[in-house]
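The values are calculated or read from the model by the stated rules, or taken from the named source; none is laboratory data. Here the structure is a predicted model, which means the values were calculated and not measured. Note: ideal-geometry Cβ built from the backbone for every residue, glycine included; neighbour counts use all protein chains shown. For accessibility, only protein heavy atoms count, side chains too; no ligands or nucleic acids. Shrake-Rupley method; radii C 1.70, N 1.55, O 1.52, S 1.80 Å.
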Amino acid sequence: MVDLKGQYAAIKERVDSSILNVIENTAFVNGPEVHAFQKELEEYLGVKNVIPCANGTDALQIAMMGLGLKPGDEVITADFTFAATVEVIALLGLTPVLVDVDPVTFNIDVEAIKNAITPKTKAIVPVHLFGLAANMDEIMELADEHNLYVIEDNAQGIGGYYTSKDGTKKKTGTIGHVASTSFFPSKNLGCYGDGGAIFTNDDDLAHIIRGIVNHGMYERYHHDVVGVNSRLDSIQAAVLRAKLPNLDAYNKARRSAAAKYTKAFEGQENIITPTCFCDASDANKENCDCHVYHQYTLKIVNSDRDALVSHLNENGIPCGVYYPIPLHLQKAYLDERYKEENFKVTNQLVKEVISLPMHTELDDEQIEFITSTVINFVNK
Ligand SMILES: *Cc1c(COP(=O)(O)O)cnc(C)c1O
């Protein structure tokens, strides 16, 4: 699904010398590399504050802690996402409220959010799923109207843009009150272990969060709030500093692979290719900047998705089903408030989606083999 070795080979010298430098300087935690990375990422994103932390799940949790969300507060998020999003809501004693997603974008459905808002609702967590921005204009409007916080889960969307109705363009993760991301190795900007970060333009919130990540300390050995230990280590920061200058090129390579996949599937009635916010005719051009294809995810209709997975595996083609079970049907998150009729889209998507190999090193021959194997199977 990913080719981390190929990517490493291309940046080996830079990465190796950065890592060696950290080892020689022995500033393993919160060293100058972490600080430098923080500044470089702030500049890249155009956001006032980046707070590095240990992983993307912590980033979400710390963002919610920073906002002062309290047990009993309801937090609305998508039923169709990675479990981390709902996990931290539950872990903090907040009440997760899962809602359905849009069948075309796979992102949280704004009408469903509207229907789920109650006087206890305090926050919305849109996920820029698979690298495509959620409908931020409408989500921010709704949040303003109901006085809610918006926490963007940008673990899959880093480097992508969202274009507002008025034409303004912002990077995902810089639109809500606060955002989280992950540097897990397979993410679009991945380190060589675990890593994550929180972004916000709110300086006061950033200050609160900087204390929370470090045991609630704002002054050495003064613990003003209950915090956590969640730090990015310097070796990971060194890797990220070496890779950040390539992020736009990495995302471009993903888009280019996505455009080739989509072209190959043109005219296939049983295969629905991913979409984005650009004009439809422009949707899959390499220079489209609203999708960073963390995953390239098809919907397989009128054919057996699970049999296709086996067929691809038998032919040596890795593929993934993200995600096979709606969160509202996961044992840990069952809740009698949920009604099946409110999850029609997610319940259908889990049967139809399949993600093909997507990384920065895919070549034309691989793409041709993958697409022809898929096409032959669905038409047989
Ligand atoms: C990967 C991911 C996370 C969690 O990130 P980790 O660094 O693995 O903790 C959270 N949300 C989404 C949508 C993700 O894809």
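Decide, for segment 138-235, between rounded, prolate and oblate: order the square roots of the alpha carbon gyration tensor eigenvalues as a ≥ b ≥ c, take rounded if a/c falls under 1.5, and otherwise choose prolate if a/b is larger than b/c, else oblate. Display every interim value, and only then the final one.
Details: a/c = 2.85, a/b = 1.31, b/c = 2.17.
Note, shape of segment 138-235 comes out oblate.
If you project the alpha carbons of segment 247-378 onto their three principal axes, what span does each projection cover, largest first, in Å?
Extents along the principal axes, in whole Å: 48, 33, 27.
If you take the Cα atoms of segment 182-227, find Rg, then find the Kirkwood Rh from the mean of 1/r over all pairs, what is Rg/Rh? Walk me through the intermediate numbers first.
Values: Rg = 13.4 Å, Rh = 12.0 Å.
That ratio equals 1.12.
State the percentage of accessible surface on segment 247-378 attributable to carbon and sulfur atoms; use a 1.4 Å probe and exclude ligands, DNA and RNA.
Ligands and nucleic acids excluded, carbon and sulfur give 47 percent.
How about K114: which aspartates and glutamates have a C-alpha closer than 17 Å to its C-alpha, ignoring those fewer than 8 places off in the same chain?
Result set, ordered by chain and number: D73, E74, D79, D100, D102, D137, E138, E141, D144, E145, E341.
Could you sort the peptides 9-21, 227-239 by per-residue average Cβ neighbour count (10 Å cutoff), highest mean leading?
227-239, 9-21
Find the Rg to Rh ratio for the chain, where Rh is the Kirkwood radius over alpha-carbon pairs and Rg uses the same atoms.
With Rg and the Kirkwood Rh in hand, the quotient comes to 0.97.
Can you give me the accessible area per residue for the chain, using a 1.4 Å probe, in Å²?
44
By per-residue mean of other Cβ atoms within 10 Å, what is the highest-first order of 265-275, 73-83?
73-83, 265-275
Per the 1.4 Å probe, what fraction of the accessible area of segment 138-243, in percent, lies on carbon and sulfur atoms? List each step's numbers first, then the result.
Details: 2070 of 4450 Å².
The value for segment 138-243 is 46 percent carbon and sulfur by accessible area.
To check you understand DSSP bridge types, tell me what percent of the beta bridges within the chain (both residues inside) are antiparallel, rounded to 5.
Rounded to the nearest five, the antiparallel share is 60 percent.
Using a 1.4 Å probe over the heavy atoms of the protein chains, calculate the carbon and sulfur portion of the accessible area of segment 27-93 as a whole percent. All intermediate terms of the calculation are to be shown ahead of the outcome.
Details: 1360 of 2330 Å².
C and S atoms contribute 58 percent here.
Using DSSP, restrict attention to beta bridges with both residues in segment 1-156 and report what percent are antiparallel, rounded to the nearest 5.
The answer is about 10 percent antiparallel.
As a test of reading the structure, rank R210, R255 by solvent-accessible area (1.4 Å probe, protein chains only), most first.
Values: R210 95, R255 25 Å².
So, going from the largest accessible area down, we get R210, R255.
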